[in-house]
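The values are calculated or read from the model by the stated rules, or taken from the named source; none is laboratory data. Because the structure is predicted, anything quoted here is derived from the model rather than measured. Glycine gets a Cβ as well: all are built from the backbone with ideal geometry, and neighbour counts include every protein chain shown. Ligands, DNA and RNA are excluded from the accessible area calculation, which covers all protein heavy atoms including side chains. Shrake-Rupley method; radii C 1.70, N 1.55, O 1.52, S 1.80 Å.
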Amino acid sequence: MCGIVGYVGPRDCTDVLVSALKKLEYRGYDSAGIAVFEDGKIAVAKTKGRLVDLEAKMQKQGKPQGHAGIGHTRWATHGEPSDVNSHPHSGRRVTIVHNGIIENYKQLKQFLIDNERTEFLSDTDTEVVAQLLDFYYDGNPIRCIRRVLHELRGSFALGIVFADRPETVYAVRCESPLIVAQGQGEVFIASDVPAVIKYTKDYYLLEHGEIAVLKNGGVTFCSLHGRMLEKELLTADWDEDSAEKGGYPHYMLKEIHEQPTAVKTTITPRIENGLPNLSECGITPETLRAFQNIFIVACGTAMHAGMVGKYVIEKLARVSVTVDIASEFRYRNPLIGTDDLVIIISQSGETADSKAVLNLVKGTGAKTLAIVNVKGSSIAREADMVIYTHAGPEIAVASTKAYMVQLSVMYLLAFEMAFAKGKIDEDTCRRLTAQIVSMPQVIEKTIGAVVDMCQYVSTKLISTDSLLYIGRGLDYALSMEGSLKLKEISYIHSESYAAGELKHGTISLITEGMPVIAVATQNSLLEKTVSNIKEVKARGAMTIVICDEEADIDSEATDYLIRIPKISEMLMPMVATVPMQLLAYYTSVNKGNDVDKPRNLAKSVTVE
Ligand code: M6R
């Protein structure tokens, strides 16, 4: 997704903008650019490609010198990645960077053309906004911004500089996230805190419709209606090191290794006297008792955490759970009752489709619960209740530790709900809770146990075009995540299939040597899964089986066995996830892919 940064202060502005943009690289981008006040004029440098290409260009052409400016990494939505479509975009007196989408840009462009504004250089919606700002600019920047905001439809954030307002940066948030960070005599804007954490931990969260004016190393805020605002200064509870690779070759590997700590930090404050206690998140046994049906709505990996949640909640609490992809749920006119609970799971808390679900649920009378990793994010603020996962910043596009902590929260919720509804007794609840408390050590042990085997098996996957992940029950829910992880970073086509469903069509895809990865951690289903493994093996598949260290698996059915520690069947997903992550990671590394920033993908998907 696009990244915005901005700076006003004593440092070399170009250096600050480029270093801040580098910290947003994880969001995914295809071009980059900056605009800096240089000797009272706005100097622009931009290019298709990576930030190193921008740096090379500036080295050739001369680097803009100044102390105030804006910067951008673009993830193309309107118009192909090219120099000319890169941000910043300018009107005659206004230059902007933009994140998000302007839905009515075509009408606005027509309006400008009808008013003899025809100097469009790019195919972007952003340039239309720059021209519109210029069209309405009468020497009063705030009045002009407010006027234009009333005309724009969509979700977006803007960084703006006016040629006749040197050393001043304006910022606007309409849905798309934007923060203003306050340092000693300097001030920044950024799409995300990691961009500027190196300079300061103190930041303001811009709310929808708010405008910030950065000047003289400080900031003032006003509303869309022009009212001055006092805002609360927040402090990030993590530092630059947490957002760095810390000696690992990739963020993804670092984040896989951070999982034991992430789970521990997430569950510890939610356990009291050996039982789950989610009351600090607004969830009490009384509220849990009242819910009739549960909807879990999310996208991608977060949705897969919801799939595991469904199995566990239904099994223990005997409440019906429906899991939906957010972009489908929105349009299927779901039957939500006043006694229902809608759970939105999101690492970023900014995913546009998941966010839209909250708006849809409002007015139905149902309660909403957000399970979110990023503090103060839109979804966290808009839901009735929120459980923060404490994974720390997740930088790699492929989600790993965020999924793991989402699973841990799903379990805690299931245990507390089952106990509250009288479906399990206190002893059982304590026993289950003790098991989850032991998970950090088990995950740690699993990483050590499987890393070599995963590295080796990944060498068998690199030359394949297509593979299948199969499993039954919880293993099927889990294999969905294994398959997504593998395909998104290795670029190998991969499908996850319910093992028992293969015979109904998909088995015809099996050809000599095609890899099939079977997740077989559910002992109660083991025999049946082994039969399915044999079926594909008999048709020439190369079988890779993930199972516990005691599972009795016929060696003739398997080419490669990845053994993981044996724990209770219900908690196996938190262990079996590890080899799936490592298989994806090493396959991507062996193929020479950009592991942390896979092609075409963005970390936080703030467009629908
Ligand atoms: O920030 P969110 O959890 O809402 O993001 C949802 C998906 O976009 C995300 O999980 C995506 O599928 C990841 N790339 C998966 O690794």
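Quick rundown of the values:
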read-out	value
Peptide ranges 239-245, 196-202 listed from the most packed, as the mean C-beta count within 10 angstrom indicates	196-202, 239-245
For the range 122-231, fraction of C-alpha pairs farther apart than 23 Å, in %	25 percent
Which of S588, I533, T521, positive extreme of dipole for the range 520-603 (C-beta unit charges)	S588
Within the range 210-225, backbone nitrogen closer than 20 Å to the virtual label 7 Å beyond the Cα of D202 toward Cβ	212-222
Rounded to the nearest 10 Å², the accessible area of L509 at probe 1.4 Å	100 Å²
Separation of the R381 and Q59 label points, Cα + 7 Å toward Cβ, nm	4.1 nm
Farthest toward positive dipole pole in the chain [+1 Lys/Arg, -1 Asp/Glu at C-beta], among F221, P260, L407	F221
Length added when fully stretched, E608-Q184, from 0.36 nm per residue minus Cα-Cα	148.9 nm
Dipole moment magnitude, nearest 20 debye, the range 443-593 about Cα centre, only Lys, Arg, Asp, Glu C-beta charged	280 debye
Inter-site label distance for D239 and S463 at 7 Å from Cα along Cβ, in nm	4.9 nm
Where the Cα pairs of the range 3-243 fall when distances are cut into 5 Å bins, in %	1, 7, 15, 21, 21, 18, 11, 5, 1, 0, 0
Compactness of the chain as Cα Rg over 2.2 N^0.38 Å, two decimals	1.01
Mean Cα-pair separation over length for the chain, i.e. relative contact order, pairs under 8 Å, 6 or more apart, %	12 percent
Under 15 Å from the A290 label point (7 Å along Cα→beta-carbon), backbone N, the range 354-385	363-369, 384-385
Ordering of 27-34, 391-398 by packing [mean C-beta count within 10 Å, highest first]	27-34, 391-398
Spin-label pair D427/Y456, simplified geometry with 7 Å Cα→Cβ offset, distance in nm	4.4 nm
Two-site FRET efficiency, K231 against K528, from Cβ-Cβ distance with R₀ of 45 Å, rounded to 0.05	0.20
Probe 1.4 Å - accessible area at M453, Å² to nearest ten	60 Å²
Residue-span extension gain [D15 to R332] - 0.36 nm each, minus C-alpha spacing	109.3 nm
The range 3-243: relative contact order as a whole-number percent, Cα under 8 Å and 6+ apart	20 percent
Charge dipole (debye, nearest 20) of the range 3-243; +1 at Cβ of Lys and Arg, -1 at Cβ of Asp and Glu	340 debye
DSSP-defined beta bridges in the chain - what % are antiparallel, rounded to 5	60 percent
Reciprocal of mean inverse Cα separation for the range 367-509 (Kirkwood radius, Å)	18.1 Å
Charged-residue dipole, Cβ positions (Lys, Arg, Asp, Glu), the chain about Cα centre, Debye nearest 20	520 debye
Normalised convex hull volume, the range 443-593, alpha-carbon set, Å³ per residue	92 Å³
Cβ-derived FRET efficiency at R0 22 Å, T261 paired with Y560, nearest 0.05	0.15
Most to least accessible of C429, C299 (protein chains only, probe 1.4 Å)	C299, C429
